[in-house]
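Worksheet: the structure to be examined is printed underneath.
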């Protein structure tokens, strides 16, 4: 095309059918939207319960030590509670931060790097946290008895 | 608009605390001494104030999240979104009024 005044701009006919550009495969963003709302309600209950028991009951934050954690995880209810809280909160939080990165990081490379770091942090924290809950030893050998829960010496 | 900004800011804050919190709790697998030393730093006055801020962020994010849910799923939700924001603020004030005195007393007078 020349740059003269005779050049005619080529534009699509207004009658040409609109072709929607598919940017994602499947309904991933819909499921993510539903998950945020469903997990949010469950997390409200789990986290408010967690904060109440750990910060409001008794001496609050001052009561927390190894024996406190061991006492809680002696009960399967608190193991399930904490495991569910770990997984739901990490998926909910990672998905939220993913949305924020998508909104503000406009360069492809920046967005890719940030999301790579995010997913790495997700994997490390979820795997570590899950292993800790399942392999926890309330009475590690060689530790001073006064640091351990009372049932270790019973 | 501002509730949307606050929801994002509190969400990111809570997420980064969660990463740290799983790591400090993981110290129970190292030794009771290591865990007690880490949790001991959570019991200082400065961290106690940080915990108050963290709980405030969680409480706002939780109640505003329920508001988002109602806007999305309740037929009258969009109409009452502004009223519901004031309900969120009210519930936030009530919840923090219940939590803050007890927590601050624990932080500044309790302990070992």
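Candidates in region B:10-36 are the residues that are more than 8 Å from chain A (Cβ to nearest Cβ) and surrounded by fewer than 14 Cβ atoms within 10 Å (Cβ to Cβ); of these, the one that is modelled with the lowest pLDDT is B:30.
Each row is one residue, and each column tells you yes or no for (1) assigned to a loop (DSSP other than H, G, I, E, B); (2) more than 9 Å from every other protein chain (Cβ to nearest Cβ).
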| residue | (1), (2) |
| --- | --- |
| A:21 | yes, yes |
| A:25 | yes, yes |
| A:51 | no, no |
| A:68 | no, no |
| A:72 | no, yes |
| A:86 | no, no |
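Residues in region B:67-87 that are within 13 Å of another protein chain (Cβ to nearest Cβ) and surrounded by fewer than 18 Cβ atoms within 10 Å (Cβ to Cβ): B:69, B:70, B:71, B:72, B:73, B:74, B:77. Within the option set A:109, A:41, A:127, being more than 8 Å from chain B (Cβ to nearest Cβ) and under 17 Å from the mean Cα position of the chain (by Cα) holds for one residue only, A:127.
Just one of A:62, A:50 is under 22 Å from residue B:53 (Cα atoms) and modelled with pLDDT of 95 or more; which is it?
Going through A:62, A:50 in turn, the sole match is A:50.
The values are calculated or read from the model by the stated rules, or taken from the named source; none is laboratory data. Note that the structure is a prediction, hence the values are computed from the model and not measured. Note: ideal-geometry Cβ built from the backbone for every residue, glycine included; neighbour counts use all protein chains shown.
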